Every structure is written in C-alpha cells, then in structure tokens.
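Trainee: Dropping the structure in here first, questions after.
The values are calculated or read from the model by the stated rules, or taken from the named source; none is laboratory data. From a predicted model like this one, the values you see are computed outputs, not experimental measurements. Note that each Cβ is placed from the backbone with ideal geometry, even for glycine, and that neighbours are counted across all protein chains shown.
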C-alpha cells in the first residue's frame with residue numbers, strides 16, 4: 001500500500017474516533033476553557049492544528065494587540081480562547097453566514113466580545129492587524145471526499161477541501177494577507193504535515209513576497225505552525 005492510499009485509509013478508519021475526541025465538550029473545556037453548546041453542525045470543536053495554533057498563539061500574542069482569525073468556524077474556539085486570556089481586540093471571519101451566527105452565540109455564551117464578519121478569506125476585511133492566524137482547509141481533494149461522505153452535506157465537506165494538493169486555499173490566503181498586515185505583523189499559518197508538503201508551503205510564502213521566520217512543531221503532533229512576516233529574518237525551527 002503506497003502512502004497516498006495509506007493516508008486515505010487512516011482518515012476512514014479513524015473518523016469515528018476523531019469525531020468523538022474533538023467533539024467531546026469536556027475536553028474543549030479542559031484544553032481551551034471554552035463551553036460549547038450542542039449544535040446542528042456535525043463538526044469537531046477543534047483538531048490537532050487548532051491545538052498547534054493554540055501553542056503558537058500563547059507564545060506570540062501579547063496584551064494590547066489586534067488579532068484576526070480567518071476561517072473561525074461555527075465555534076470560534078481560538079478566537080474565544082485568546083479573547084478570554086488576553087486583553088486584546090479580536091476579529092474573526094468566515095465565509096459561512098451560518099458559522100458566523102453560531103460563533104456569535106458561542107462567544108456570548110462564554111462572555112467575550114469579538115467582532116465577527118462574514119468574509120471569503122480577506123475579501124471583506126479592511127483593517128490591518130498585529131497577528132493574523134488561519135487553520136485552512138488543507139486536505140487534498142481525494143482525502144477531503146472521504147470526510148463524512150454519508151452524513152455531511154457537500155458544503156460541510158468542502159471546508160476540509162484544500163484542492164488537488166491541499167494548498168489551493170492556502171495560496172489564495174497568502175496572496176491576500178499582505179493587505180491586512182503592517183510592517184511588524186505576523187501570520188500564524190497552521191497545517192498538518194501528513195497532508196501538505198512543507199516545501200510547497202515555503203514556495204508559496206516566497207512567491208507572495210513574505211518571509212518564513214519560525215516553525216512551531218512537536219514530536220507528538222503532526223500539525224505545524226508557520227510564523228510569517230513581511231521582513232527578511234532568519235528561519236528557525238523548534
């Protein structure tokens with residue numbers, strides 16, 4: 001069995017376990033201190049890339065900064081997490097009106113104030129931010145089609161679909177992100193290295209006149225976070 005087939009088999013075999021784990025509300029409270037009410041969305045509250053981004057956000061975000069989350073989803077887990085932890089201004093966007101409406105309810109339920117906007121990536125965002133973070137769709141199309149084929153709508157499956165090589169939405173995002181950055185802004189881009197080639201990500205960063213300055217990684221988590229800026233600095237890894 002080649003690796004491409006093996007990855008698809010992993011997705012199918014572990015889907016039930018992953019859904020149970022990432023949808024378990026007590027774990028969401030334990031890891032993120034967020035209460036999520038039952039909803040009609042058949043999605044996990046978070047995934048391994050959410051967890052990797054949480055670690056990066058803890059290290060990168062400081063009080064007084066302005067923060068933008070792209071693709072906040074129906075629960076806005078990371079936006080609510082950082083709004084509860086830091087004294088910052090948080091804006092969160094998503095292309096789905098239904099997701100935004102549910103995210104508003106979740107934020108209110110957790111007692112935080114977040115500016116929510118409906119936006120296809122950054123198309124409806126006009127301000128600049130100190131930190132921009134994104135957990136994008138990065139499953140290659142052939143794997144995304146395996147997600148909840150029987151239970152979910154085509155629309156829900158599409159939020160996992162990163163195109164032929166998993167980088168379609170990432171590429172669009174990197175083309176647009178400079179418009180919401182100032183010279184000291186940082187972008188935190190989370191991806192799972194099982195599905196996205198690191199060299200392809202670095203190529204897209206270079207093509208859009210951005211600079212990779214750091215990579216957060218962990219031996220137990222296949223998801224990594226690329227820290228990106230406009231200015232040229234040294235690349236590190238941890």
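Trainee: Looking at 82, 11, which one is at pLDDT below 95 and part of a helix (DSSP H, G or I)?
Mentor: 11 is the lone residue from the list that is at pLDDT below 95 and part of a helix (DSSP H, G or I).
Trainee: Are any residues in the range 54-79 under 22 Å from residue 160 (Cα atoms), outside any helix (DSSP H, G or I) and in contact with a strand residue (DSSP E or B) (Cβ under 7 Å, 6 or more places away or on another chain), and if so, which ones?
Mentor: Of everything in the range 54-79, those that are under 22 Å from residue 160 (Cα atoms), outside any helix (DSSP H, G or I) and in contact with a strand residue (DSSP E or B) (Cβ under 7 Å, 6 or more places away or on another chain) turn out to be 68, 69, 70, 71, 72, 73, 76.
Trainee: While we're on this one: Condition (residue is outside any strand (DSSP E or B) and modelled with pLDDT of 95 or more) applied to the range 180-194: is it met by at least one residue?
Mentor: yes
Trainee: Within the range 168-194, count every residue that is over 21 Å from residue 51 (Cα atoms) and in contact with a helix residue (DSSP H, G or I) (Cβ under 9 Å, 6 or more places away or on another chain). Before you say what the answer is, go through the steps one by one.
Mentor: Here is the first cut: in the range 168-194, the ones over 21 Å from residue 51 (Cα atoms) are 168, 171-172, 174-185.
Subsequent filtering for residues that are in contact with a helix residue (DSSP H, G or I) (Cβ under 9 Å, 6 or more places away or on another chain) retains 168, 171, 174-175, 185.
Total meeting the criteria: 5.
Trainee: Next question, about the same structure. Identify, by number, the condition in (1) modelled with pLDDT of 95 or more; (2) in a loop (DSSP other than H, G, I, E, B) that residue 150 doesn't meet.
Mentor: Among (1) modelled with pLDDT of 95 or more; (2) in a loop (DSSP other than H, G, I, E, B), the lone unmet condition for residue 150 is (1).
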